[in-house]
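*Asks:* I have a structure I would like to understand better, so I am pasting it below and will then ask my questions one at a time.
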Amino acid sequence: MKLRTVLLTAVGWLVAVAFLAPYAEMLLTALKPTPELMKSPPSCLPSRWQWSNFTHIWSLTDPHVGDALLFSLYVAGAATLLTLAVGLPAAYYTARHRFRGRGAFLLLVFVTQMFAPTALLVGIYREMVSLDLTDTAEGLILVNAAFNLPFCVWILNAYLASIPRELEEAAWLDGTGRFGALTRVVLPLAMPGVVTALVYTFIGAWNEYVVALTVTSSSNRMTLTRAIPGFVTSYHEQWQYLFATSIIAIVPVVVLFVFVERHLVAGLTAGGVRG
């Protein structure tokens, strides 16, 4: 084995360990019994593996992890679908048509991606109040979709613009029509971009905290990111439940990536065959 290969492998393992170390610490803390969390200095490994911490959190009422998990899945999933439903036609039109102001429009889309929700909280809240969407799932879905839409349009525009127009025109000659060419030819070729936009939007909506904290207030409209800090307050400190819930919050994102990764490979293969 060459020295270069050995060094690259070693560096790869070091990077992997550096990224996984915080998650390992979270898991070990989640498995510690309550008295052990108060020790100073804390031990690295649990003296007694408290696997029941992962089951006890589901029976708690403040915060209610199960309801928060389902609510977060609903908000993130709906925001992702809405973003793709709006962003895909916009990206397709800007990729296939050279209209007046196209460059300015794409630049504006890119610039809006630079605004952080934190800087716009006052305006967002006032708009939600005027639309009577405070403390509603619909309000969170609209805000999350709006903030993720610029990236979706930008990345899909780049993928769609890279697909030769001749493939579409050939499909038109075969009698598929514009919509048939879009669904049967263009979308399979652009599937890597669609999957990228889907994953990015879902993760952004899933991890969003500041807007959810500002726009919603009731316990039945609590996202998982809002529920997690509720385990550590001025009245009680339940670090084991906080880290156990944090581990659970990672699972949907990992499952989504594993699921769409297979479709990403399928989309690349289908694109190569059709090309």
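The values are calculated or read from the model by the stated rules, or taken from the named source; none is laboratory data. Please read these numbers as outputs of a predicted model, since none were measured by experiment. Every residue, glycine as well, gets a Cβ built from its backbone with ideal geometry; the counts of neighbours run over all protein chains shown. Calculation scope for accessible area: heavy atoms of the full protein, side chains included, ligands and nucleic acids excluded. Shrake-Rupley method; radii C 1.70, N 1.55, O 1.52, S 1.80 Å.
*Asks:* So Met114 passes all but one of these: (1) open to solvent by 40 Å² or more (accessible area, probe 1.4 Å); (2) in contact with a Leu (Cβ under 6 Å, 6 or more places away or on another chain). Which condition number does it fail?
*Replies:* Of everything listed in (1) open to solvent by 40 Å² or more (accessible area, probe 1.4 Å); (2) in contact with a Leu (Cβ under 6 Å, 6 or more places away or on another chain), Met114 misses just condition (2).
*Asks:* State whether the residues of the stretch 5-20 include one that is part of a loop (DSSP other than H, G, I, E, B), among the aliphatic types (A, V, I, L, M) and out of contact with any Pro (no Cβ under 6 Å at 6 or more places or on another chain).
*Replies:* No: the stretch 5-20 contains no residue that is part of a loop (DSSP other than H, G, I, E, B), among the aliphatic types (A, V, I, L, M) and out of contact with any Pro (no Cβ under 6 Å at 6 or more places or on another chain).
*Asks:* To continue, here is another question. May I ask you to list the residues in the stretch 175-233 that are open to solvent by 40 Å² or more (accessible area, probe 1.4 Å), part of a helix (DSSP H, G or I) and hydroxyl-bearing (Ser, Thr, Tyr)?
*Replies:* Scanning the stretch 175-233 gives Thr183, Thr196, Tyr200, Thr214, Ser219.
*Asks:* Restricted to the stretch 34-62, and to residues that are open to solvent by less than 70 Å² (accessible area, probe 1.4 Å) and modelled with pLDDT of 85 or more, which residue is nearest to Arg226 (Cα to Cα)?
*Replies:* Filtering the stretch 34-62 for residues that are open to solvent by less than 70 Å² (accessible area, probe 1.4 Å) and modelled with pLDDT of 85 or more, the one nearest to Arg226 (Cα to Cα) comes out as Ile57.
*Asks:* Just a yes or no: is a residue in the stretch 23-33 over 19 Å from Asn148 (Cα atoms), of a type in the set (Ser, Thr, Tyr) and free of Cβ contacts under 8 Å to residues at least 60 places away in the same chain?
*Replies:* No, the stretch 23-33 has no match at all.
*Asks:* Something else now. Which of the residues spanning the stretch 89-116 are without any contact (Cβ under 8 Å) to a residue 24 or more places away in the chain and part of a helix (DSSP H, G or I)?
*Replies:* Correct list: Pro89, Tyr93, Arg102, Gly103, Ala104, Phe105, Leu107, Leu108, Val111.
*Asks:* Could you tell me whether the stretch 63-83 includes any residue that is aliphatic (A, V, I, L, M), part of a helix (DSSP H, G or I), closer than 23 Å to Ala190 by Cα and open to solvent by 50 Å² or more (accessible area, probe 1.4 Å)?
*Replies:* The answer is yes, given that some residue of the stretch 63-83 is aliphatic (A, V, I, L, M), part of a helix (DSSP H, G or I), closer than 23 Å to Ala190 by Cα and open to solvent by 50 Å² or more (accessible area, probe 1.4 Å).
*Asks:* Looking at (1) under 23 Å from the mean Cα position of the chain (by Cα); (2) exposed (fewer than 12 other Cβ atoms within 10 Å of the Cβ), which is the only condition Arg98 fails?
*Replies:* Going through (1) under 23 Å from the mean Cα position of the chain (by Cα); (2) exposed (fewer than 12 other Cβ atoms within 10 Å of the Cβ) one by one, Arg98 breaks only (1).
*Asks:* Working only within the stretch 67-82, note down all residues that are without any contact (Cβ under 8 Å) to a residue 12 or more places away in the chain and under 14 Å from the mean Cα position of the chain (by Cα).
*Replies:* Leu81
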